[in-house]
Ligand code: ADE
């Protein structure tokens with residue numbers, strides 16, 4: 001799978017060569033391109049922004065450099081992802097949808113955003129996703145793109161080791177869709193007088209699975225009642241109903 005990012009701050013993206021993503025790139029499962037938007041700004045100062053029509057604070061990104069850049073980087077198979085606080089919420093389900101695409105192009109806005117005609121134009125050309133990573137405002141789209149690239153990449157087949165399954169993750173489509181995962185433990189069995197729950201040391205896979213699911217329900221009820229309210233009754237098993 002190929003990712004291209006267009007930004008005025010290419011240096012934000014050095015983490016792409018680290019850790020899980022770097023290893024997946026070395027294996028040839030993922031490839032990354034990071035492009036400086038100013039390479040498509042042809043005036044002496046390589047200007048990418050201007051004052052907003054209608055007045056108001058801040059600056060808006062000019063359409064021309066974006067048009068030149070996107071014409072060069074997009075292909076007919078690409079999906080264009082534009083991070084913006086006014087976008088559709090980026091969720092695990094959206095990450096799963098994007099992971100099936102062969103090519104994602106991310107357009108990082110800064111300042112007050114990108115001239116709206118850019119998205120209007122490219123909606124006629126490719127699939128465009130305007131996405132928000134949460135109800136807060138960042139200084140630009142770069143950090144949101146890192147979040148999305150990492151969430152999408154780990155769903156690409158082969159990127160995680162065989163032993164790691166994404167189906168038990170918090171929010172995973174299916175049985176975990178509206179649940180967060182419960183607590184996890186490792187050795188030693190006692191630390192500062194706190195014991196690992198006995199069931200996890202029992203070797204009884206059925207009981208362990210039951211305990212994990214119960215804990216996921218408890219944690220979701222305590223910390224994310226909004227998620228529990230959306231729980232599909234069809235996703236419950238007989239024991240869940242008795243909790
Ligand atoms: N750009 C600025 N804030 C953002 C957010 N919350 N999500 C995505 N992109 C953004």
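The values are calculated or read from the model by the stated rules, or taken from the named source; none is laboratory data. Values in this document were obtained by computation on a predicted structure and should not be read as measured data. Because the Cβ atoms are built from the backbone with ideal geometry, glycine has one as well, and the counts that use them run over all protein chains shown.
Things to note:
- Taking segment 102-125 as the range and being surrounded by fewer than 17 Cβ atoms within 10 Å (Cβ to Cβ) and either touching a residue at least 24 places away in the same chain (Cβ under 8 Å) or not assigned by TED's automatic domain parsing to the domain that holds residue 77 (or both) as the test, the residues that pass are 102, 112, 117, 121, 125.
- Looking across segment 131-167 at every residue that is buried (at least 16 other Cβ atoms within 10 Å of the Cβ) and more than 20 Å from residue 15 (Cβ to Cβ), the one that is nearest to the ligand (Cβ to nearest atom) is identified as 132.
- Test: residue in segment 18-26 that is buried (at least 17 other Cβ atoms within 10 Å of the Cβ) and within 22 Å of residue 128 (Cβ to Cβ): no
- Every residue from segment 77-110 that is near the ligand (Cβ under 10 Å from one of its atoms) and under 18 Å from residue 173 (Cα atoms): 89, 90
- For residue 74, the conditions (1) in contact (Cβ under 8 Å) with a residue 60 or more places away in the chain; (2) crowded, with 17+ Cβ neighbours inside 10 Å all hold with the exception of (1).
- Annotation: residue 232 fulfils all but one of (1) at pLDDT below 95; (2) surrounded by 11 or more Cβ atoms within 10 Å (Cβ to Cβ); (3) under 16 Å from residue 171 (Cβ atoms); the unmet one is (2).
- Yes/no for residue 14 being under 30 Å from residue 179 (Cβ atoms) and loosely packed, with under 15 Cβ neighbours inside 10 Å: no
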